[in-house]
Structures are given as structure tokens and as C-alpha cells.
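In what follows, a structure is listed as C-alpha cells, so that the remarks can point back to it.
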Amino acid sequence: MTIIVTGGAGFIGSNFIFHMQKKYPDYRIICLDKLTYAGNLSTLKSVMDNTNFRFVKADICDIETVCRLFEEERPDIVVNFAAESHVDRSIKDPDVFLKTNIMGTASLMDACRKYGITRYHQVSTDEVYGDLPLDRPDLFFTEKTPIRTSSPYSASKASADLLVIAYNRTYGLPVTISRCSNNYGPYHFPEKLIPLMIANALNDKPLPVYGNGENIRDWLYVDDHCKAIDLIIHNGKVGEVYNIGGHNEMKNIDIVKLICKELNKPESLITYVADRKGHDMRYAIDPTKIHNELGWLPETKFSDGIKKTIKWYLENREWWEEIISGEYRNYYEKMYGAKV
Ligand code: NAD
Ligand code: TDX
């Protein structure tokens, strides 16, 4: 079995590669990644020398290079994690989100059509469903919830999903889509809520909470997401969408307070800043379908997962310190400079 994993130098893609190499040592895994600001080759150093692993630096939008790789490797399965993934960046500059997330998905699927694959899997997000009101805790996103996007990021992911469904219907491409809630865990880029708060707290820097901090996210430990994708690519039904989430809703402010507590830092570091434009209020996934059809259930409780995650950031300071001292600093200053 040969699998191309795009975006494998990023947060979830790298964790997926680790999961697959451990569970299926005979599979050949090829990571195709452009190494944007969010991709980090050092993340993959533990698998780099495996004979069944190959890294290729390339843009998923570059159809010629993608086709050359397909020609050489003749993959059975393609799992597409490659994306611009940060909502705040999409609000400042949507352009690259449209290119990578939409055009990149199309070019990958064109290569799949040309060479033939047994499965193209699109890693999507719960953000395609928009948000839920805070005063209706009885409501959840199911696979039948209408697409209703809020940010250029979520609109680009939803557009890609529509293309994936169209390629299945029009060309018979054997596709699946997964829509997951917020992930957390090792190698999470420190521009996202949990790693940003851990890094800032460790450096005794202000903890910038958007708006009133009441927004709710449904957090899933990254390994549980990887296991769900593993099940879908092997046993999921072609043409189907699977929601992935663990019924673990938390308010942003409670997460930040928990991080302060775990790290023994004062809550006085918490600084309320201007709200995100179009900020989604609540995400909450109903994972009944993947549970009933594929037997998936999240295994890591948030109370354990957050401790493991904090421990990882404490033990791997060089990984994130290098990031926050580099080019990322310019983004941080532009994004938060005047506020914190
Ligand atoms: P990430 O930003 O950490 O990593 C993205 C990776 O894609 C990076 O390695 C980057 O170099 C690569 N990449 C970007 N543009 C590329 C291009 N044009 N060609 C090739 N590679 C390119 O993202 P993540 O958090 O790991 O998210 C992975 C996927 O999962 C994304 O599709 C995202 O929409 C989806 N998702 C993320 C979450 C989450 O909580 N992080 C939740 C649900 C879904
Ligand atoms: O500094 C911050 N302060 C803050 O209050 C940051 C970075 C975020 N927030 C808030 C905004 C959100 O309500 O925390 C919440 C989580 O924010 P992010 O970590 O940026 O994640 P989110 O916008 O929810 O999107 C994530 O989950 C769905 C991923 O980044 C997406 O790629 C995925 O599709």
C-alpha cells in the first residue's frame, strides 16, 4: 500500500504519519508538503530515515510536479491535509486560502483521476457548518447540517468539499471527506489558541482572549482524529462524509484559565482583546455516524490530553521557541502588537 499524505509537515498531518508508520510499518508513506510557514521539516525527523518514508517538497497546486510524483509512486490512497489553516490569517489575506485550499484540492484530484487511485480522502473541518448559538446546547452538527460558512478559511474549505463531492459524482472518483472539530496535541503551531497560550504563559506574556472568551470549541486530541481517518480510508464508504468530534465542548476562557492553573501562572496574564471578525460562537459535533458505521470513539479525555500536551510543550521548547523567534514574530506583531 502506498499513501501520499499532503501537508504532512504540519500539525495533524505529521501526527497522522507517525500513527500510520507505527501501525502499518509495511505501508509506503510519501509526504508532499510545500513547507509554508506552518510546515516544519524538523517535525518529521523521527521518520525521515525510514525506508518506507519519502519527503517531497512541493506545492499541491503545481499539477506538473504532483503528476510526476504520481507517475513515480503510483499511490493507492491520497490523504489531503495540505491547507492554509488559520482563520485569522484568512481574514487578513484570503487569496492564498483560495489557491491552496480550493485549487490545490482540484489539482490533487485531477492527478488522482489521471493515474487512478483507490481512495482520495479530504480532511475538512466542522467550520463548514458555520456556528451554533450558545443558548441551544441541544444542537449539534450532523453530516446533514447545511453548509453555512463564516470566514474566508471556512468558505475555502467548504468550496473544496463541494468539489470533492462533484468529482465523485461526475468522474466517479472514489472519495471520502471527514469534518473534524478543533484538534490539540504535539506539534500544534503556536498561532492557534492552545499552543499560543502555553507558549505565552511560559514566557510570562499576556494571554490574548478574543471578545469575552465565551466562544465554545469542541476539542479532540490529535491522535483520536488520526485514528478516525485511518478507519475511514480503510473502511469508510466511498462518497460519504464523516463528522469527527468527541463531545468535549469548552469555553475559550476556561481553557486559558486551565492552562494558567497547570503551569502555575497568574490569571492576571489574561488580556481581553478585540474580537475576531465574524467570530463563530460554538462548534459541536455529533459523531454518531462514524461511531455506528466504523466503531470510532475518542479515547483521550480532555483532562489527560491537555496535561500530555502541556508536558510535550515543556519538553520540546526548542521546537516552538525556534518558530516564535523566526518569521512568525512579524505575524504576531502585526496581529497582536498594538493590543498585548
Ligand atoms: P497546519 O497549518 O499545521 O499544516 C498545514 C500543512 O500544509 C503545512 O505543513 C504546510 O506547509 C502545508 N501546506 C500549506 N499549503 C500547501 C501547499 N500549497 N502545498 C503543499 N503543502 C502545503 O494545519 P493543521 O492544523 O495540521 O490542519 C491540517 C488539515 O486539517 C487542514 O486541511 C485543516 O483545514 C484541517 N483541520 C484542522 C483542524 C485543527 O484543529 N487544526 C480541525 C479540523 C480540520
Ligand atoms: O489568540 C487567540 N485568542 C483567542 O481567543 C487565538 C489564536 C484564538 N482565540 C479564540 C478564537 C477561537 O474561538 O480561540 C478559539 C480557537 O481559535 P483557533 O485556535 O484559531 O481555532 P479555530 O478558529 O477554532 O479553528 C481551528 O479549528 C478548526 C483550526 O485552526 C482550523 O484549521 C480548524 O478547521
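The values are calculated or read from the model by the stated rules, or taken from the named source; none is laboratory data. Values in this document were obtained by computation on a predicted structure and should not be read as measured data. Here the Cβ positions follow ideal geometry from the backbone for every residue, glycine too, while neighbour counts run over all protein chains shown. Side chains are part of the model used for accessible areas, which takes the heavy atoms of the whole protein and leaves out ligands, DNA and RNA. Shrake-Rupley method; radii C 1.70, N 1.55, O 1.52, S 1.80 Å.
Numbers at a glance
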read-out: Rounded to the nearest 10 Å², the accessible area of residue 85 at probe 1.4 Å; value: 50
read-out: The chain: angle of helix 302-315 to the longest principal axis, Cα-based, in degrees nearest 10; value: 90
read-out: Packing rank of 169-177, 280-288, where each peptide gets the mean count of other beta carbons within 10 Å, highest leading; value: 280-288, 169-177
read-out: Degrees separating the helix 222-235 axis from the principal Cα axis of the chain, which is the longest one; value: 20
read-out: Computed accessible area, residue 268, all protein chains, 1.4 angstrom probe, square angstrom; value: 100
read-out: 12 Å beta-carbon shell around residue 89, net charge (K/R +1, D/E -1); value: -1
read-out: Probe 1.4 Å, all protein chains present, accessible-area order of 119, 54, largest first; value: 54, 119
read-out: Within the chain, percent of DSSP bridges classed antiparallel, to nearest 5; value: 10
read-out: Heavy-atom SASA rank of 32, 258 (probe 1.4 Å, accessible area, largest first); value: 258, 32
read-out: Span per principal axis, largest first, for the Cα atoms of the chain (Å); value: 57, 44, 37
read-out: Rough spin-label spacing in nm, given labels placed 7 Å along Cα→Cβ, for residue 49 and residue 311; value: 2.7
read-out: Simple Cβ-charge dipole of the range 66-169, Lys/Arg +1 and Asp/Glu -1, about Cα centre, in debye nearest 20; value: 360
read-out: FRET efficiency, residue 171 to residue 96 (Cβ-Cβ, R0 22 Å, nearest 0.05); value: 0.25
read-out: Degrees between helix 63-73 axis and first principal axis of the chain (Cα, 0 to 90, nearest 10); value: 70
read-out: Counted charge near residue 251, where neighbours are those whose Cβ lies closer than 11 Å (Asp, Glu -1; Lys, Arg +1); value: 0
read-out: Beta bridges by DSSP in the range 143-280, antiparallel share as percent, to the nearest 5; value: 25
read-out: Rg to Rh quotient for the range 36-103, alpha carbon positions, Kirkwood Rh; value: 1.01
read-out: Among beta bridges that DSSP assigns inside the range 197-340, antiparallel share in %, nearest 5; value: 40
